[in-house]
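We did not get these values from a lab; they are worked out from the coordinates using the rules stated. Bear in mind the structure is a predicted one, so any value in this text is a computation, not a measurement. For neighbour counting, all protein chains shown are included, and Cβ atoms are generated from backbone atoms with ideal geometry for every residue, glycine included.
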Amino acid sequence: MLKTLSNAWKVPELRKKMLYTVLIIFLFRLGAAVPVPFLSITGGLVDESNGSFMNYLLMMTGEAFNYGTIFALGITPYINSSIIMQLLTVAIPALEKLSKDEDGRKKMAQITRYVTVGLALLQSTAYYVYVRHSGYLTTAADGTAYTGFSAVWQAIVVITILTAGSTMVMWLGEQINEKGIGNGISLILFAGIVSRIPTLATQLYQTMNQGGAFFALVPLYVIMLLATVVFIVWDDGAERRIPVQYAKRVVGRKMYGGQNTHIPIKVNMSGVMPIIFAGSILSLPSTIEMFVNPQDGSFWDKFFKLFTTESWWYVPIYFALLIAFAYFYASIQYNPVEMANNLAKNGGSIIGIRAGKPTANYLAKVINKIVLLGALLLSVVALTPILYTQITTAFGKGVNVMVGGTSIIILVGVALETVEQLKSQLMMRHYSRFLD
């Protein structure tokens with residue numbers, strides 16, 4: 001990786017792209033530190049121990065959500081918009097048709113931007129309602145809350161700036177895609193997660209200073225993180241290769257086909273999406289609890305506690321949701337019937353399998369097995385930090401895990417993706433110079 005970065009830095013064009021990417025990330029982090037007018041949040045908005053959906057937003061925004069800055073919503077509205085459009089593309093034939101040609105994809109991208117602005121407006125409104133309910137809005141000179149036109153103006157300013165900030169983050173990500181290196185949205189997520197690492201290091205140092213068993217538990221946690229990184233790198237490159245043979249055919253005086261190749265199917269074909277979906281659903285009850293505030297010991301209090309990370313029921317429910325969403329997302333990505341038809345159109349066939357329906361059935365069977373294996377491996381990454389926290393807490397030596405499986409998968413995945421893009425850029429320039 002370091003050698004690739006060093007070689008890319010020596011190429012003037014790539015160096016400009018890398019510097020431009022760093023500049024965009026710097027602007028993102030700068031905006032994540034500029035507070036929104038009329039908000040006064042000093043100690044943090046969210047208690048990270050309650051396992052709410054807002055913890056997910058903290059991870060995605062790099063603490064900007066916690067302190068009410070102009071980029072408090074981060075890139076989450078755009079991610080949610082992209083997921084919604086992807087699901088609608090499967091359900092609505094007109095959108096599926098649009099996604100298959102260049103002009104249609106441009107229209108889809110434009111629709112995604114409009115949906116992003118709408119979601120950002122809704123989330124900004126919800127954010128304003130929450131901070132007003134929690135008492136984080138600035139008050140008048142006499143210490144009372146603003147009323148009348150002043151209160152309306154206060155709401156308009158906060159909601160407008162938060163919406164504009166989210167739209168700005170989306171634009172910054174697109175600028176990286178056009179003029180920089182790597183995937184802009186992924187790099188912005190990467191920057192937000194990396195910004196939390198110093199806080200994690202400080203917390204681990206303070207925990208280890210408590211002495212006793214923490215001298216062993218904290219280093220064990222660090223070793224677990226490093227082992228998780230190695231595991232994710234291995235899992236990211238694992239794939240199932242289905243052998244395919246193409247029949248020979250003569251066109252004019254030329255012969256085409258006749259070669260053997262394979263269909264690569266990644267073991268972790270869904271990436272981090274099952275974790276994001278499962279975590280979002282599991283965190284909704286805890287988020288609702290912050291607004292309803294049930295009495296201690298009541299039925300709803302016990303119900304909400306089932307969905308916190310401290311509950312032993314959390315892990316099996318999380319595991320079941322991971323498996324379900326892995327199959328759901330794989331069904332969107334892979335269509336065995338369409339894959340079988342494409343093979344038949346190009347004169348290809350899977351060795352030992354007849355063309356047509358038998359090929360589609362075989363592909364469906366293989367994909368189902370791979371999805372299950374990938375989901376099991378993904379659950380190891382997602383659930384290990386949670387189990388570690390629960391076990392250490394049960395013995396009265398809890399080590400709070402701020403960097404979970406989702407964060408590590410994003411960090412490692414973005415790093416590998418960016419390095420691979422740099423390698424392809426270097427390879428392309430190497431061959432172009434050779435041809436020149």
Checklist entry - Amide H of ILE75: which non-local residues (sequence gap of 5 or more, or other chain) have their own amide H closer than 5 Å, using H built in the peptide plane? => result none
Item to check | Nearest-ten-degree value, helix 184-194 long axis tilted from longest Cα axis of the chain | outcome: 50
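Quick one: if the Förster radius is 60 Å, what FRET efficiency do ALA151 and ALA238 give, using the C-beta to C-beta distance and rounding to 0.05? Could the numbers behind the result be given before it?
Numbers: r = 56 Å, r/R0 = 0.93.
The value I calculate is 0.60.
Rounded to the nearest 0.05, what FRET efficiency is calculated for THR112 and ALA320 with R0 set to 25 Å and r the Cβ-Cβ distance?
Working: r = 31 Å, r/R0 = 1.22.
For THR112 and ALA320, the calculated efficiency is 0.25.
Please list, by residue number, every one of the trypsin sites (Lys or Arg not before Pro) in the stretch 74-131 that is coil in DSSP and has at most 10 other beta-carbon atoms within 10 Å. Kindly include the intermediate steps, with their values, before the conclusion.
Working: sites: LYS97, LYS100, ARG105, LYS106, LYS107, ARG113; in loops: LYS100.
Answer by residue number: LYS100.
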Checklist entry - Which percent of Cα pairs goes in each bin when the distances of the stretch 94-219 are cut into 5 angstrom slices starting at zero? => result 2, 8, 10, 11, 12, 12, 11, 11, 10, 7, 4, 2, 0
Item to check | Distribution of pairwise C-alpha distances over the stretch 1-132, 10 Å bins, in % | outcome: 11, 28, 26, 26, 9, 0
Checklist entry - Within the stretch 270-342, which chymotrypsin sites (Phe, Trp or Tyr not before Pro) sit in a loop by DSSP and count at most 15 neighbouring Cβ atoms inside 10 Å? => result TRP312, TRP313
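What are the trypsin sites (Lys or Arg not before Pro) within the stretch 307-401 that DSSP puts in a loop, where the Cβ has at most 16 other Cβ atoms within 10 Å? Can you show the working numbers first?
Values: sites: LYS345, ARG354, LYS365, LYS369, LYS397; in loops: ARG354, LYS397.
Passing sites in the stretch 307-401 are ARG354, LYS397.
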Next on the checklist: Modelling each spin label as a point 7 Å along the Cα-to-Cβ direction, I'd like the ASP103/LEU376 distance in nm, to one decimal.
Outcome noted: 4.9
Next on the checklist: How tilted is helix 12-31 with respect to the longest principal axis of the chain? Cα atoms for both, answer in degrees (0 to 90, nearest 10).
Outcome noted: 30
Checklist entry - Per q in 0.15, 0.21, 0.24, 0.31 1/Å, what log10 I(q)/I(0) does a Debye calculation on the alpha-carbon atoms of the stretch 95-142 return? => result -0.57, -0.75, -0.84, -1.00
Checklist outcome for this item: Log10 I(q)/I(0) at q = 0.10 Å⁻¹ for the chain, from Debye over equal alpha-carbon scatterers, is -0.87
Checklist entry - To one decimal place, what Kirkwood hydrodynamic radius in Å is obtained for the stretch 277-393 from all pairs of distinct Cα atoms? => result 17.2
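Counting Lys +1, Arg +1, Asp -1, Glu -1, what net charge surrounds ALA191 among other residues with beta carbon under 13 Å of its beta carbon? It would help to have the intermediate numbers written out before the result.
Details: positive: ARG29, ARG196; negative: GLU63.
Charge balance near ALA191 sits at +1.
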